[in-house]
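The values are calculated or read from the model by the stated rules, or taken from the named source; none is laboratory data. Model, not experiment: these values are computed from the prediction. Heads up, the Cβs are rebuilt from the backbone with ideal geometry, glycines too, and the neighbour counts pull from every protein chain shown. These area figures cover heavy atoms from the full protein model, side chains too; ligands, DNA and RNA do not enter into them. Shrake-Rupley method; radii C 1.70, N 1.55, O 1.52, S 1.80 Å.
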Amino acid sequence: MTSHAVLAIGANIGDRLAALQGAIDLLASSDGVRVGAVSHVYETDPVGGPDQDDFLNAVLIVDTDLAPQDLLAACQAVEHAWHRTRDVRWGPRTLDIDIIAFDEVVSDDPDLTLPHPRAAQRAFVCIPWLDADPEAHLPIDGPVAHLLSHLDTEGVRRRPDLALVIPGAVR
């Protein structure tokens with residue numbers, strides 16, 4: 001059975017754009033994962049955590065034959081390939097991949113809470129998600145466009161000079 005998942009990707013250490021594109025490339029080459037859409041690239045102020053550089057962020061819409069925990073393992077393998085460490089909570093990272101939603105699954109599993117518990121409060125997730133899917137809907141919380149209307153978007157800036165590509169997609 002194929003499921004629909006929303007992934008938020010971000011990086012604020014090193015070549016941030018290369019990390020985002022690398023995440024897309026590795027996910028697209030993973031068994032059971034097909035990247036269907038990718039948002040524009042946004043530069044965003046860090047939220048929470050220590051003082052750190054700005055992030056580049058994007059959202060991917062994927063179709064997957066994997067179970068949620070298996071998709072999480074695939075995402076963590078991609079993070080590991082980009083030398084992601086988890087030394088400081090909400091600290092700087094070479095690559096971060098969060099599963100925002102997985103179909104209509106609602107779960108409070110401590111390893112993978114679905115939908116993502118802070119997605120509805122994060123403009124750096126909601127803005128690119130609407131790029132990738134104008135009809136975006138967050139389980140429990142509702143239409144992403146409505147959620148976004150209540151968020152401060154000042155720290156989220158579109159970077160029209162940067163673009164991400166889905167491997168094999170026709171331009």
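Pull up all non-local amide H partners of A37: gap of 5 or more, or a different chain, and H-to-H distance under 5 Å with H placed in the peptide plane.
I61
Just tell me the longest site-free run in the chain, where the sites are GluC sites (Glu not before Pro) in a DSSP loop having at most 11 other beta-carbon atoms within 10 Å.
1-134
Relative to the present Cα-Cα distance, how much length would full extension add between L162 and H80 at 0.36 nm per residue of separation?
27.1 nm
Residue by residue, what Karplus-based ³J(HN,Hα) values in Hz, rounded to whole numbers, does segment 100-116 have, using 6.51, -1.76 and 1.60 with θ = phi - 60° and x for Gly and Pro?
7, 8, 9, 6, 9, 5, 10, 8, 9, 4, x, 7, 7, 7, 10, x, 3
In terms of modelled amide H atoms, which long-range or inter-chain residues lie less than 5 Å from the amide H of L138?
Result for L138 returns V144.
Taking just the C-alpha trace of segment 28-168, give me its Rg and Dmax in Å.
For segment 28-168, the Cα-based Rg and Dmax read 14.8, 39 Å.
Each residue of segment 34-43 in turn: what ³J(HN,Hα) in whole Hz from Karplus with 6.51, -1.76, 1.60 and θ = phi - 60°, glycine and Pro shown as x?
10, 7, x, 8, 9, 7, 5, 8, 10, 9
If amide hydrogens are placed 1.01 Å from N in the peptide plane, which non-local residues have theirs closer than 5 Å to the one on A101?
So A101 has HN proximity to V6, H116.
Kirkwood hydrodynamic radius, segment 104-171, all distinct C-alpha pairs: what's the number in Å?
Evaluated over segment 104-171, this radius sits at 13.7 Å.
Per residue, how much accessible area does the chain show when a 1.4 Å probe rolls over the protein heavy atoms, in square angstrom?
50
In whole percent, and with a 1.4 Å probe on the protein chains, what portion of the accessible area of the chain is carbon and sulfur?
Of all accessible area on the chain, carbon and sulfur atoms account for 52 percent.
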